[in-house]
Amino acid sequence: MNIKIVGGIVVLALVIGGFFYYRSTQNQDSGVKVVEPSDTESEEPTPTEEVTKRDAYKIEILNGSGIEGEAGRTQELLKSAEFNVIGTDNAKTYDYEETVIQAGDDVSEKWLDELKNELSKKYKLQSSVDKLDTETDAQVVVIVGSFDNDGKSMVKEVEATPTPTPEEETTDETGTPTPTEEASETETPAPSPT
């Protein structure tokens, strides 16, 4: 009886061994590779970072601060940081305190973060990006406000110059009026902020 049990075990071992041999040859023939677990730690694949080129989108800068030349200064700031500024102009109004970014739907969030980072070095930014709803050749419009990155106004207080009062008219010995210096009003030029 022991011979039957030992024989049964040998036959069972041969069947199981044959099965595994058959499976291993089938995996090799089909091109399927069996991956054996290893004792070494495997590195997790790192996600590829979204590559953003700073000149990938066209930017138009509008001066909404009323400070003469501020759009040009912003243009210099962004061009030196390798952004693609295609032009400057004045905003419809000069009452912007915070700098506003308007962007089209196709503009990358990562790229916008880089733009915000660069602008926030000098300007106080509006917390959210507005949807670009004006017709322009640019994919992004930056409307420059009058507050710096500390939240203080960059508008310099203009000292009021006293207006000279006209002198009273005097007469000479004959009673003829003598010319006096007329007060000339100083005209303040309208700002050309760009």
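Checked against the criteria, LYS79 counts as basic (Lys, Arg), out of contact with any Gly (no Cβ under 9 Å at 6 or more places or on another chain) and under 19 Å from ASP137 (Cα atoms). Pick from region 66-112 the residues that are aliphatic (A, V, I, L, M) and in a loop (DSSP other than H, G, I, E, B): which of them is nearest to ASP130 (Cα to Cα)? Taking the candidates together, the pick is VAL107. Residues in region 113-131 that are in contact (Cβ under 8 Å) with a residue 12 or more places away in the chain and either among the polar types (S, T, N, Q) or part of a helix (DSSP H, G or I) (or both): GLU114, LEU115, LYS116, GLU118, LEU119, SER120, GLN126. VAL6 falls short on exactly one of the conditions (1) out of contact with any strand residue (DSSP E or B) (no Cβ under 6 Å at 6 or more places or on another chain); (2) at pLDDT 90 or above; (3) not hydroxyl-bearing (Ser, Thr, Tyr), and that condition is (2).
Against the criterion of being surrounded by 17 or more Cβ atoms within 10 Å (Cβ to Cβ), assigned to a strand (DSSP E or B) and either at pLDDT 95 or above or not β-branched (Val, Ile, Thr) (or both), LEU62 qualifies.
Conditions (1) more than 15 Å from LEU78 (Cβ to Cβ); (2) of a type in the set (Gly, Ala, Ser); (3) crowded, with 19+ Cβ neighbours inside 10 Å, marked per residue:
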{"residue": "ASP95", "(1), (2), (3)": "yes, no, no"}
{"residue": "GLY104", "(1), (2), (3)": "yes, yes, no"}
{"residue": "GLU109", "(1), (2), (3)": "yes, no, no"}
{"residue": "ASP113", "(1), (2), (3)": "no, no, no"}
{"residue": "GLU118", "(1), (2), (3)": "no, no, no"}
{"residue": "SER127", "(1), (2), (3)": "yes, yes, no"}
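The values are calculated or read from the model by the stated rules, or taken from the named source; none is laboratory data. Fair warning: this is a prediction, and the values are worked out from it, not measured in the lab. As a convention, Cβ positions derive from the backbone with ideal geometry for all residues, glycine included, and neighbour counts pool all protein chains shown.
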